[in-house]
Amino acid sequence: MLRENLENVEKNITLACEKAGRARQEVTLIAVSKTKPVSMLQEVYQAGIREFGENKVQELSEKQPSLPQDIHWHMIGHLQRNKVKYIVGTVSLIHSVDSLRLAEEISSQAVKKSLCQDILVEVNIAQEESKFGISKEETFQLVENISKLPNIHICGLMTIAPFVENPEENRIYFRKMRDLSVDIAHKNIDNVDMDILSMGMTGDYMVAIEEGATMVRVGTGIFGERNYQIV
Ligand SMILES: *Cc1c(COP(=O)(O)O)cnc(C)c1O
């Protein structure tokens, strides 16, 4: 089942890339494995996936030792400052940085461990009350402030678009993210890259790719529905 799901997702990514005139290699698929057992992650790994996304520090730390070392882990969920020490240096990319205080903690833990932590700044592009992330207006200032911290490197932006029935409704938000990313890139801030645009989930990743996503985070589309009761 997982292999078939993956093939479908892969086919859709290829289609969206073709439609947008983009190369398939421009888009990285992250398999979002939250709530799913290690056995399922192993199956997806065997099918060739090396990028996995988790949204909880504890779950990520528990799964990591049971899986191959060449996996790139992505922290995609809201991150509390007191948990930062557990994941700095163990994940390739933290997608969910939305405050200077959080970035300062990541920076200080990275200094302690003598490494550089790659991060994305999370933007609440649709200004939803229920979502984390900073506003579009605050983004430039936050990026500039974080850029001055040691041992932390901004690689781009991330957003979680609204939950919608019709993915076309999110096109405008993906486009706004892309514009914001281009605007920031043009400022040429030291120690800041805007190479990564992490946007698009199971319901809307094709539209996100058409609008410039370079990372899509797909959970349900690969692993099936999540059952939160058994976790
Ligand atoms: C759960 C989650 C996803 C994946 O959601 P699906 O709709 O299952 O693809 C992507 N991004 C974040 C931040 C998530 O928490």
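Computed quantities for the displayed model
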| read-out | value |
| --- | --- |
| Lys176/Cys116 FRET efficiency (R0 25 Å; Cβ-Cβ; nearest 0.05) | 0.30 |
| 3J(HN,Hα) from dihedral phi, segment 11-26, Karplus parametrisation 6.51/-1.76/1.60, rounded to Hz, x for glycine, proline | 4, 5, 4, 4, 4, 5, 5, 4, 4, 8, x, 10, 7, 4, 5, 6 |
| Gyration tensor verdict on segment 78-231 (Cα atoms; rounded if a/c is under 1.5, prolate if a/b is larger than b/c, oblate otherwise) | oblate |
| Order of Lys136, Lys113 - criterion: other Cβ atoms within 10 Å of each residue's Cβ, fewest first | Lys113, Lys136 |
| Within segment 59-100: backbone nitrogen closer than 15 Å to the Val38 label point (7 Å, Cα to C-beta) | 59-71 |
| Percentage relative contact order, the chain, counting C-alpha pairs under 8 Å, at least six apart | 21 percent |
| Segment Gln69-Ser92, extension gain: residue separation times 0.36 nm, minus the distance between their alpha carbons | 7.1 nm |
| Global form of segment 12-61, assessed from the alpha-carbon gyration tensor, a/c cut-off 1.5 | prolate |
| Residue order, fewest to most beta carbons within 10 Å, for Ser107, Ser39 | Ser39, Ser107 |
| Cα-based shape type of segment 6-109, given that a ≥ b ≥ c are square roots of the gyration tensor eigenvalues and the cut on a/c is 1.5 | oblate |
| Expected 222 nm ellipticity per residue - DSSP helices of 4 or more, -39500 (n - 2.57), all of the chain, to 500 | -11500 deg cm²/dmol |
| Loop sites in segment 45-100: GluC sites (Glu not before Pro), DSSP, at most 15 other Cβ within 10 Å | none |
| Order of Glu7, Glu122 - criterion: other Cβ atoms within 10 Å of each residue's Cβ, fewest first | Glu7, Glu122 |
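Only the coordinates and a few stated rules stand behind these numbers; no lab work does. Everything quoted here is computed from the prediction, not taken from an experiment. Using ideal geometry, Cβ is built from the backbone for each residue, glycine included, and neighbour counts are taken over all protein chains shown.
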